[in-house]
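The structure appears below as structure tokens.
What follows is calculated from the coordinates using simple rules that are stated; it is not laboratory data. Here the structure is a predicted model, which means the values were calculated and not measured. For neighbour counting, all protein chains shown are included, and Cβ atoms are generated from backbone atoms with ideal geometry for every residue, glycine included.
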Number of protein chains: 4
Amino acid sequence: MSNKKEIRIGLIGTGLMGRTHSNGYKRIGDFFPELEYRPVLKAVCSRNEEKVRAFAEQWGYESVETDWKKIIERNDIDAVDICTPNDTHAEIAIAAAAAGKMILCEKPLARTLEEAKTMVDAIEKADVKNTVWYNYRRVPAVTLAKQIVDSGKLGRIFHYRANFLQDWTINPDVPQGGAATWRLDVDAAGSGVTGDLLAHCIDTAMWINGGIKDVSAVTETFIKERVHQGSGQIQKVGIDDACIFHCHFDNGSLGLFESTRYARGHKALYTFEINGEHASIRWDLHDLNRLEFFDHNDESIVRGWRSILVTDGDQPYMKRWWIPGTSIGYEHSFIHQAADFFESLQTGKPCQPTFKDAYETQKVCEAVLDSAASKSWKDTGVIWEGN
Amino acid sequence: MSNKKEIRIGLIGTGLMGRTHSNGYKRIGDFFPELEYRPVLKAVCSRNEEKVRAFAEQWGYESVETDWKKIIERNDIDAVDICTPNDTHAEIAIAAAAAGKMILCEKPLARTLEEAKTMVDAIEKADVKNTVWYNYRRVPAVTLAKQIVDSGKLGRIFHYRANFLQDWTINPDVPQGGAATWRLDVDAAGSGVTGDLLAHCIDTAMWINGGIKDVSAVTETFIKERVHQGSGQIQKVGIDDACIFHCHFDNGSLGLFESTRYARGHKALYTFEINGEHASIRWDLHDLNRLEFFDHNDESIVRGWRSILVTDGDQPYMKRWWIPGTSIGYEHSFIHQAADFFESLQTGKPCQPTFKDAYETQKVCEAVLDSAASKSWKDTGVIWEGN
Amino acid sequence: MSNKKEIRIGLIGTGLMGRTHSNGYKRIGDFFPELEYRPVLKAVCSRNEEKVRAFAEQWGYESVETDWKKIIERNDIDAVDICTPNDTHAEIAIAAAAAGKMILCEKPLARTLEEAKTMVDAIEKADVKNTVWYNYRRVPAVTLAKQIVDSGKLGRIFHYRANFLQDWTINPDVPQGGAATWRLDVDAAGSGVTGDLLAHCIDTAMWINGGIKDVSAVTETFIKERVHQGSGQIQKVGIDDACIFHCHFDNGSLGLFESTRYARGHKALYTFEINGEHASIRWDLHDLNRLEFFDHNDESIVRGWRSILVTDGDQPYMKRWWIPGTSIGYEHSFIHQAADFFESLQTGKPCQPTFKDAYETQKVCEAVLDSAASKSWKDTGVIWEGN
Amino acid sequence: MSNKKEIRIGLIGTGLMGRTHSNGYKRIGDFFPELEYRPVLKAVCSRNEEKVRAFAEQWGYESVETDWKKIIERNDIDAVDICTPNDTHAEIAIAAAAAGKMILCEKPLARTLEEAKTMVDAIEKADVKNTVWYNYRRVPAVTLAKQIVDSGKLGRIFHYRANFLQDWTINPDVPQGGAATWRLDVDAAGSGVTGDLLAHCIDTAMWINGGIKDVSAVTETFIKERVHQGSGQIQKVGIDDACIFHCHFDNGSLGLFESTRYARGHKALYTFEINGEHASIRWDLHDLNRLEFFDHNDESIVRGWRSILVTDGDQPYMKRWWIPGTSIGYEHSFIHQAADFFESLQTGKPCQPTFKDAYETQKVCEAVLDSAASKSWKDTGVIWEGN
């Protein structure tokens, strides 16, 4: 492997995403052996020194930092991977860009559109490689869905609907704030399900079906007060527990999106369905190796929804893995994105979604929250070029 | 059977609903033998004499009429069943009420809330027995869903979502107007999917989850012009091809509803799902004998969505039919409603949904269409007592 | 209806099958209006006078008998429908044939191959119209499966597998013998699951895939003793609680069949699957309106099992019923067979399966039981012409 | 990591299993960080030098060999992992045992029972650590199934059924012999689906449900001749393309097993179902994160098969991975087995299935093939202690 070009990674944040990204980097060599670039796990950063040392030992990072600014300053870091809570994305990304680092940022890009704008400006000014971890694009069945739509099999699109349903915050004793539950703290997260879950749905939707033009939304906060982990006080909950919106896409189709953390029985049910003139598609994260496809061109008496097991070598990414019929899991979407990022360094093409693409998604999130607050339709201002 | 009290039916309309209702009446004796009342198929009415004679012969009606007013005038008719296009419901129902007939009216009650109001006024003034054929309440799995919610198993309800997806009008050559396609003609139908399909979803939703307070909707007409069967001319399409709305229920839960006739691959996919604090429920008309149920109180390592095959004698209506494991179909919901209507004559209790209940559903439909037209939230004014 | 030719039915037996057959006759006029013949429910027979009178009143039979021989003797009966326990099929059928009656016999034809032979001989000698109620052939999805295989879409067949799983006899307190539980009494039933359930699977299998040549079987009686309803005594259980066999079909494919009444969680799970060179098919009674179909000729990246909702007018029997997407149930298979029997009177063609066809199925059942008893392979001697 | 005890692996064979095992070793550190032992990828062996060098580079093996005997001879190898075709398992394992190496052997243990016996003898004589890669035991849902049965939730077991269906050899142009298709060459493989696929089903079955006592089988070779990759000649096919058997378990339950490579539409459909007095379980490799469970003790009106998404931290192995609702894949079963092997070095307990356990599975395979050849029941002689 000596003749591979090394990209020295500085990972900031050691939570769930710190783990999925680290795993992504470590699998590239085994499954994408032809890549000219290879990641080196140079440093990992987290405020708690004991924890970050344990993380580094477990995952094989060469060094640790407890102040993210050190990561930016170090000359032996080529790429900064931002896995911290949302309220730090902008500051870190802007500093990293100024330092000329490549940036791989966990989604959502930022808490607000305004923050996101400062990040895009910084990236563009610095002209550094970047990508945002909207990982579900790289689930093979989702990538295949995109292929099918692009092939024209669906014809004119009439409907796009998606939801992302969870149930982990129903218990009122779940606190807000802190390492495990910052996603419930509006200061850290910016928003609730809109930025955390709907942002994924919006990214996939615009990638496959084009820009979202305007939205009409409703949000709800079912549990109004929770203990804050930091202060220990009972505080008002500022995030959206649930969000529903409908919208128009640029292509004239109607969109429908829903997300909640109060759907008892669903852990991470991200599903989408697209209805076109000639065919339809649907997908479900709980059964992620399958894509369902209905083709009206099939002979009428044997026409039906096809359950496609996306595990064959001619389907996206699957020649990398095992044999037909054997499934892969959630973590593989991150491996694929890591590999695609490294491939983009070879080809010179952007690794989508870039900060610019994620900024467009942020526009929709902002419009959704504005719409819910004002109880009115909002234009998004999206200019979608992210395909 | 000589000691049964006869209810002489006058059926107006010989389309699909004329058939399902007739089948409902004819099955009661075989499957609800203990009922004290029995229907007599006294007369059927349709404008085309040849067709109405064939229908009468096929289904065993004793006589035919080609003018519905004759049905109202006849002294040998006790109950009028209205299966005509929506634009005639009000006139017929008001005349029937004035004549003191019992009335069984196909849904939606009317084209508009205003029309519906005149019908409710007429019924109340005449004090006649009445029901509206929102048949899906009587699918055993749906009735069981209601039982489960009423039992308190779900606890506080957070979400109710329903959709009704079809695909039969995608072809632009499908005309509007006429006997088979009056549902596409706004003059005959009043609205598109809102009155035809969402009205079902709204009726079920309010029956199970209580009143809908306010709504925010969007509608779309994908194919703007179609040939009119009557005039032979290409005319503007006035109906809503698709409609999506979100709403608040009186109990604080969020609702989400979608209907379209442009969802390729779905013939009559009516589904609903209810998420509560402790448990969730979902149902699908394409697999109507099943109810899915998730109970968070189950032991954690073996917790999962249960697929309940609703075919046992202790489940709603099923002691009437065959043996555990053997399914029933779409038509049985009408048989059950017919039987329940006849039972209501014994008990003196109303056979829900009554005109009054259906009027509340109409309020939601009207608010939905108003909301879509004005691009704003609308209060429904619903006062729900229909449980 | 006056110009229809009447077939006066004498029904013997008022259990579940008495009800399904009666329902079959009564629906023909409504759903097969073009048939030249029509059934008249002339008489019903059962030993308990009170019960048979109630049955007659409920279902509309004109008269009752308590001795089946009276049914045979009556000149106003054209067709005898045998719905009694298996131990009486032969005697009744032979008498009915001798009297020149048409015969519709519930399956299995008889308790033993020897009994069945006497029945076929009697039928052939008398040359009377006959059919055996292997009703599942007339589930539209099953009929469609036959069409698909006959069309050649599967190519060479490699595998046929079927099972019929129930769970209603797990409780050791379920008695044997008597009106409700004669199926557990070997004297009345002849065998357990082999004659009751596997006979259905075998009939469907040979109809679709041709003759079964030889078999190797195992049976088990899990609960060795049960109270007999008649004697009130605990007696040895003589039936097979479970039966599994594998076999060769004449066409070289391998067959696999299993049935049990000890499969907790399955009420009436009759499924079959056929694997051919180019395509495969599977079906499940618990979801009887669907047929699953895999076509290897589909484009590889979008190839998958299709879930065909068999509810369209161009699919078998479905133009008789409602609209696309609306399901039918278990009872409809009997309605279809009744209608096909009446149509066969017009066309002069046999209404399959005839006694002769059912006799071939009986050969397989007998070989299966012989194989299990002797722990060896048995040739069936089947000569299949029943397609 | 310096204080971990190193186990230096010598991998023999670089096919699919060489990859899955290598991946297993490489993931242990990241996901089982507490293990005291850690694997070192010391050497990999394959006859083709170019290919083995590429494999070593891709997977990070420190050195290569082209003669497996060198692996055995090397003093810097602690554990030999045998991933070669079946015809070499015995020779390698016996040599490795003689050299005192730990052995991890791919299944099936050997081509024949006789070969397997020599391997068990060698292992026992040398008293070396050993395991056989029947990986499906370590799919979390399968491990959970074992837990549920062991907990007594099912009560008395009546039925166990399993199948393993593939479709990759339907094309007669698929050759036999050679690197990719040695599984079709009886000399290399020993048998067809029996050793390759049914061996998995048998291992799982005996692990969960105890010993198999006797069997009655049928096998078929659908395509009688194929080109041999080695000779280039058309040769008779010696393997079983398909195998079906039924059996008795020691606990009195009936077993049913089927495997084929001619089931069009199924890539790797390994399913099993267990029916007990009180509850039933089923599982499907194509949806490997789910376990279905039916509990008759549930309240009757809401009783149904539960679809358990096995992704929570209290379910087997899942605390190692991501968050509830996020799935893992096929490869994880090998990671789990590798981790369990290393843990067994700490605990001193065997890592099941051991060679001894796999030898019992081999007895069933041998009895199955004997039964099919002789068309008679065969006792297996299994003495099952492998739980």
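Some observations on this one:
- For D:VAL227, the residues whose amide H sits under 5 Å from its own are D:GLN176, D:GLN235, ignoring neighbours fewer than 5 places away on the same chain, with H placed 1.01 Å from N.
- Cβ charges +1 (Lys, Arg) and -1 (Asp, Glu), total dipole of the protein assembly as shown, debye: 0 debye
- Peptide ranges D:104-110, A:305-311, A:161-167 listed from the most packed, as the mean C-beta count within 10 angstrom indicates: D:104-110, A:161-167, A:305-311
- For the cross-link pairs C:LYS101/C:LYS146; A:LYS319/D:LYS107; D:LYS5/D:LYS51; C:LYS117/C:LYS349; B:LYS4/C:LYS5; C:LYS117/C:LYS375, the ones whose C-alpha atoms lie over 28 Å apart are C:LYS101/C:LYS146; D:LYS5/D:LYS51; B:LYS4/C:LYS5.
- Straight-line reach from B:LYS213: taking Cα to Cα under 13 Å and skipping same-chain neighbours fewer than 8 places apart, the aspartates and glutamates in range are B:ASP250, B:GLU360, B:GLU366, B:ASP379.
- Taken residue by residue and averaged, Cβ atoms of other chains lying within 10 Å of the Cβ of C:214-220 number 5.
- Dimensions (Å) - chain D, Cα atoms, principal axes, largest first: 64, 55, 39
- Distance-filtered residues of the range D:313-334 - backbone nitrogen under 15 Å, label point 7 angstrom along A:ARG38 Cα→Cβ: none
- Within 10 Å of each Cβ in C:32-42, the average number of Cβ atoms from other chains: 1
- Charge dipole magnitude, Cβ of K and R +1, D and E -1 - chain A, Cα centre, debye nearest 20: 380 debye
- Ranked by how many other Cβ atoms sit within 10 Å of their own Cβ, fewest first, the residues C:ASP81, B:ASP250, D:ASP287, D:ASP314 fall in the order D:ASP314, B:ASP250, D:ASP287, C:ASP81.
- Database remark: amide H of B:GLU65 closer than 5 angstrom to the amide H of B:VAL44, B:CYS45, B:SER46 (H placed geometrically; neighbours at sequence offset of 5 or more, or on other chains; Pro and chain starts carry no H).
- Put simply, the convex hull of the Cα atoms in the range A:37-102 casts, on average, a shadow of 4.5 nm².
- In units of the rule-of-thumb radius 2.2 N^0.38 Å, the range C:211-297 shows an alpha carbon radius of gyration of 1.49.
- Relative contact order computed over chain D (Cα-Cα under 8 Å; 6+ residues apart), in percent: 20 percent
- Shape category assigned to the range D:305-366 from the gyration tensor of Cα positions, a/c cut at 1.5: oblate
- Stokes-Einstein D in µm²/s, Kirkwood radius over Cα pairs - the protein assembly as shown at 4 °C with 1.567 mPa s viscosity: 37 µm²/s
- With neighbours defined as other Cβ atoms within 10 Å of a residue's Cβ, the residues A:THR131, C:THR260 order from fewest to most as A:THR131, C:THR260.
- Simple rule: put +1 on each Lys or Arg Cβ and -1 on each Asp or Glu Cβ in chain D, find the dipole, and look at D:GLN235, D:VAL364, D:ALA95; the Cα lying farthest toward the positive end is D:ALA95.
- Nearest-first distances (nm) between copies at B:ASP76, label 7 Å from Cα via Cβ: 2.6, 10.3, 10.6
- Here the Kirkwood formula, the inverse mean of 1/r across different C-alpha pairs, assigns the range B:5-135 a hydrodynamic radius of 14.6 Å.
- Over 23 Å [Cα-Cα, the range D:257-343], rounded percent: 40 percent
- Inter-part distance, the range B:120-196 to the range D:278-345, computed on C-alpha centroids, equals 40 Å.
- Within 10 Å of each Cβ in B:290-296, the average number of Cβ atoms from other chains: 5
- Residues with amide H under 5 Å from that of D:ASN130, placed H, sequence gap 5 or more: D:ILE103, D:CYS351
- Considering helices alone, the calculated mean residue ellipticity of the protein assembly as shown at 222 nm is -9500 deg cm²/dmol, with DSSP H runs of length four and up weighted by -39500 (n - 2.57) and normalised per residue.
- Taking other C-beta atoms within 10 Å as the exposure proxy, A:HIS159, B:HIS248 rank B:HIS248, A:HIS159 from fewest upward.
- Relative contact order (percent, whole number), the range A:1-105, Cα cutoff 8 Å, 6+ residue spacing: 31 percent
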